[in-house]
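Note sheet for the following structure.
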Amino acid sequence: MKIEEILKEIPDKREWKTTTTLKLKKDIYKFFKNNDLNNGCAVELGTHHGHTTRVLSFLFKKVITYDIIDDGHSKKFNKDRDNISHRYQDIYQFPWWEECNEAQVVFIDAVHKYQEVCMDIENSLKIDNIEYVIFDDYGMFPEVKRAIRDAVKNKKLIPVNYIGEERGSDCRPGKLLQDWEGIICKKC
């Protein structure tokens, strides 16, 4: 399916401030579309309403998505997608990585504080097959960017591709991006 068809029903960040931009979703799709990982598994930390979950479900054979609250929105929004497994747990109190050992990709969009992002990175890297870690809000929250930079400095991750909108974008009304919206990193 073409990305334009997938994105038809998905709002942009300008319409729904807590989602990712359509540009970020397109960039993820483009990066992974014809990848050897398409028959694999992706994990998403921070489901929210399931907008990015939907895109991931067209790229990977299986998607495991975690959120702390089951408000029913993601399940309803993605009711036609049978390859999504919704899990509702506090990822900072539960060893989620232990049940995701087949995953090759983790998309991180959970708590945007330094300590939590560091935990998300460390826990993602515990997965034996992990190859890529994707981050949202790289240019929106300085603590997210700092955690990623520290992981790169400590030779845990290698930046591969910036994704989404560029520095200066007003994709979230009232706030300008200080750097790229997101980044894809490879495990060292």
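The values are calculated or read from the model by the stated rules, or taken from the named source; none is laboratory data. Everything quoted here is computed from the prediction, not taken from an experiment. For neighbour counting, all protein chains shown are included, and Cβ atoms are generated from backbone atoms with ideal geometry for every residue, glycine included.
Of the residues in the stretch 26-34, at least one is under 24 Å from residue 138 (Cα atoms), surrounded by 13 or more Cβ atoms within 10 Å (Cβ to Cβ) and either modelled with pLDDT under 95 or of a type in the set (A, V, I, L, M) (or both).
Residues considered: 150, 137. Of these, the only one that is charged (D, E, K, R), in contact (Cβ under 8 Å) with a residue 24 or more places away in the chain and at negative phi is 150. So for the stretch 124-134 (the condition being crowded, with 22+ Cβ neighbours inside 10 Å, in contact (Cβ under 8 Å) with a residue 24 or more places away in the chain and in a helix (DSSP H, G or I)), does at least one residue qualify? Yes, the stretch 124-134 contains at least one residue that is crowded, with 22+ Cβ neighbours inside 10 Å, in contact (Cβ under 8 Å) with a residue 24 or more places away in the chain and in a helix (DSSP H, G or I).
So for the stretch 107-122 (the condition being touching a residue at least 24 places away in the same chain (Cβ under 8 Å), within 25 Å of residue 172 (Cβ to Cβ), assigned to a loop (DSSP other than H, G, I, E, B) and among the basic types (Lys, Arg)), does at least one residue qualify? Yes; the residues of the stretch 107-122 include at least one that is touching a residue at least 24 places away in the same chain (Cβ under 8 Å), within 25 Å of residue 172 (Cβ to Cβ), assigned to a loop (DSSP other than H, G, I, E, B) and among the basic types (Lys, Arg).
Looking at the stretch 161-168, can you tell me whether even one residue there is of a type outside the set (A, V, I, L, M, F, W, C), surrounded by 15 or more Cβ atoms within 10 Å (Cβ to Cβ), part of a loop (DSSP other than H, G, I, E, B) and in contact (Cβ under 8 Å) with a residue 60 or more places away in the chain? Looking for residues that are of a type outside the set (A, V, I, L, M, F, W, C), surrounded by 15 or more Cβ atoms within 10 Å (Cβ to Cβ), part of a loop (DSSP other than H, G, I, E, B) and in contact (Cβ under 8 Å) with a residue 60 or more places away in the chain, one finds at least one in the stretch 161-168, hence yes.
Does residue 91 satisfy the condition of being out of contact with any Ser or Thr (no Cβ under 9 Å at 6 or more places or on another chain), among the β-branched types (Val, Ile, Thr) and either at pLDDT 95 or above or under 19 Å from residue 46 (Cβ atoms) (or both)? Criteria met by residue 91. All told, residue 43 falls short of being outside any helix (DSSP H, G or I), among the aliphatic types (A, V, I, L, M) and free of Cβ contacts under 8 Å to residues at least 24 places away in the same chain.
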